[in-house]
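Chemist: My structure is below; once you've seen it, I'll send some questions.
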Amino acid sequence: MTAVALTVHSLGGTCYRVTDPAGSGHSHAVDLAARPVCDCKDFAFRGQARPCKHIRAAVAFRDADPQGKLLDALSEKDTLDLIDQPPRRRGPETPDPDAVTIAEAALAAWRRELREGKRTPTTFDGLWVAASAATHAREAQATPSIAAGWYALARAVVEMEAVA
């Protein structure tokens, strides 16, 4: 005897529609909440003692997705909120004025040395990193928290170079 796979469709959250194409062909509603339930006659007879084939199929379907157990327990809104979380801010909201001054001075020094022939565009050192960070910060002015991160990087590089 060959086993025919049941067809499982997610209805969102912990609810599934399970159909046995080889059996009656009827669909059964399965909820895999804390105590799984099914609307079939087998579940009505056995209850939680032994899960029916519809519950077993829904569990196998959910377990095939590594995030299934995590997402099933959430409502649709909670799942979308989890997926579409805004990026967490890790630095200051606005650029530190001292960092801006240091970064802009590094950019000016890099340009001056380039103009005077003391460096080439491919001289990659701390001054180049600081000047590049200052340039990125200027480009990110529309998003102050990102610009602040670039200015802070430029400042850190200049301060490290001063210590070295």
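Chemist: Do we have Ala131 as exposed (fewer than 15 other Cβ atoms within 10 Å of the Cβ) and either in a helix (DSSP H, G or I) or out of contact with any His (no Cβ under 9 Å at 6 or more places or on another chain) (or both) here? Steps first, please.
Modeler: Numbers: exposed (fewer than 15 other Cβ atoms within 10 Å of the Cβ): no; either in a helix (DSSP H, G or I) or out of contact with any His (no Cβ under 9 Å at 6 or more places or on another chain) (or both): yes.
No, not satisfied.
Chemist: If I filter the range 73-93 for residues that are within 30 Å of Ala142 (Cβ to Cβ), part of a loop (DSSP other than H, G, I, E, B), of a type in the set (D, E, K, R) and at pLDDT 70 or above, do I get at least one hit?
Modeler: yes
Chemist: Here's something else I'd like to know. Pick from the range 126-143 the residues that are out of contact with any helix residue (DSSP H, G or I) (no Cβ under 8 Å at 6 or more places or on another chain) and either among the hydrophobic types (A, V, I, L, M, F, W, C) or at pLDDT below 90 (or both): which of them is nearest to Thr94 (Cα to Cα)?
Modeler: By that ranking, first place goes to Thr143.
Chemist: Right, here's the next one. If you take the residues of the range 49-63 that are within 17 Å of Cys15 (Cα to Cα) and surrounded by fewer than 16 Cβ atoms within 10 Å (Cβ to Cβ), which of them is modelled with the highest pLDDT? Reasoning before the result, please.
Modeler: Narrowing the range 49-63 to residues within 17 Å of Cys15 (Cα to Cα): 51-63.
Going one step further and asking which of them are surrounded by fewer than 16 Cβ atoms within 10 Å (Cβ to Cβ), we end up with 60, 63.
Working: Ala60: 88, Asp63: 81.
Looking at the filtered set, the residue picked out is Ala60.
The values are calculated or read from the model by the stated rules, or taken from the named source; none is laboratory data. Quick caveat: nothing in here was measured; it's all calculated off a predicted structure. Reconstructed Cβ throughout: ideal geometry from the backbone, glycine too, with neighbour counts over all protein chains shown.
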